[in-house]
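Below: the structure, in structure tokens.
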Amino acid sequence: MAQDRPRFRAIFISDLHLGTPGCQAGPLLDFLKHHDSESLYLIGDIIDGWQLRRRWFWPQSHNDVVQKMLRRARKGCHVVFVPGNHDEFARQFLNHNFGGIDVVEDTVHVTACGRRLWITHGDHFDGVIQHAKWLAYVGDHAYETVLKLNRHFNSLRARLGLPYWSLSAYLKHKVKKAVNYVSDFEGAVAAEARRRGYDGVVCGHIHHAEIREVGGTLYCNDGDWVESRSALVEHHDGRLELVFWQAGHGIEARPQRVAETV
């Protein structure tokens, strides 16, 4: 029956960074509790192996997230894991299935209206990751410092009854080099999807949620669960939408340069 169908045809999430204090596991669990789907794509940096190698951090809420995904798979949801650079250790298990979750290098999702979307984390299009990994580790330390400030800042906002607001995301949007980096990344990923003959691409990696056309190719980034608490969803008619989760307030839809019903 129609009313028995999952709320969404597909959900795409990435960059959870389980194993770090910055991971917003509570809001993520709340989101997953209220939104089921036929397919769930985990598009990289689900577990932060970089941080865990430096310092072990694994509270119960992070374990609950993993258990939630495994339960989804057991109940018939098609769960696909595409490892990223922070959980690159999982790339040694490509084309294996663990607890009902398929681990693949990349994959293709066909929407209800027939669009073929390439699913990839996106780190292969990051020059820093590919050619100067040491610099990426330095940047990771600096990023964690900003996120720590972000947590204290939002604790104060919560006590004042104000909604969550990401200081780190704000800085990314204001710093010219960061803006240029995002634009270059989006162009490179979209161009590769176009070269491969796909209608669009869904990726993560840069923690910048977006849906837009890039050179005639649909570019979708599902954001993250460190800064933006965002996911890309496909409705049963094939419409794609970015949603942002505010704990206690539900979904907040934000307007995109390409309509959220692309």
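The values are calculated or read from the model by the stated rules, or taken from the named source; none is laboratory data. Remember, predicted model here, so these are calculated numbers, not experimental data. Cβ placement follows ideal geometry from the backbone for every residue including glycine, while neighbour counts extend to all protein chains displayed.
Here are the numbers for the structure shown:
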{"read-out": "Selection within the range 16-38 - polar (S, T, N, Q) and closer than 23 Å to His124 by Cβ", "value": "Thr20"}
{"read-out": "Qualifying residues in the range 63-91 (those that are closer than 15 Å to Phe12 by Cα and of a type in the set (Gly, Ala, Ser)) - the one surrounded by the fewest Cβ atoms within 10 Å (Cβ to Cβ)", "value": "Ala73"}
{"read-out": "In the range 32-53, residue surrounded by the fewest Cβ atoms within 10 Å (Cβ to Cβ) [restricted to those that are of a type outside the set (S, T, N, Q), in a helix (DSSP H, G or I) and touching a helix residue (DSSP H, G or I) at 6+ places or on another chain (Cβ under 9 Å)]", "value": "Lys33"}
{"read-out": "From Tyr219, Tyr164, residue being among the aromatic types (Phe, Trp, Tyr) and at pLDDT below 75", "value": "Tyr164"}
{"read-out": "Top-ranked residue in the range 92-101 [being surrounded by 13 or more Cβ atoms within 10 Å (Cβ to Cβ) and in contact (Cβ under 8 Å) with a residue 24 or more places away in the chain; ranked as nearest to Leu232 (Cα to Cα)]", "value": "Ile101"}
{"read-out": "Qualifying residue in the range 11-21 (condition: of a type in the set (A, V, I, L, M, F, W, C), modelled with pLDDT of 95 or more and in a loop (DSSP other than H, G, I, E, B))", "value": "yes"}
{"read-out": "Close pairs from the range 183-196: first within 14 Å of Ala209 (Cα to Cα) and at pLDDT below 95, partner of a type in the set (Ser, Thr, Tyr) and surrounded by 15 or more Cβ atoms within 10 Å (Cβ to Cβ), Cβ under 6 Å, at least 6 apart", "value": "Glu186/Tyr219"}
{"read-out": "Condition met for Leu29 (assigned to a loop (DSSP other than H, G, I, E, B) and either of a type in the set (A, V, I, L, M, F, W, C) or buried (at least 17 other Cβ atoms within 10 Å of the Cβ) (or both))", "value": "no"}
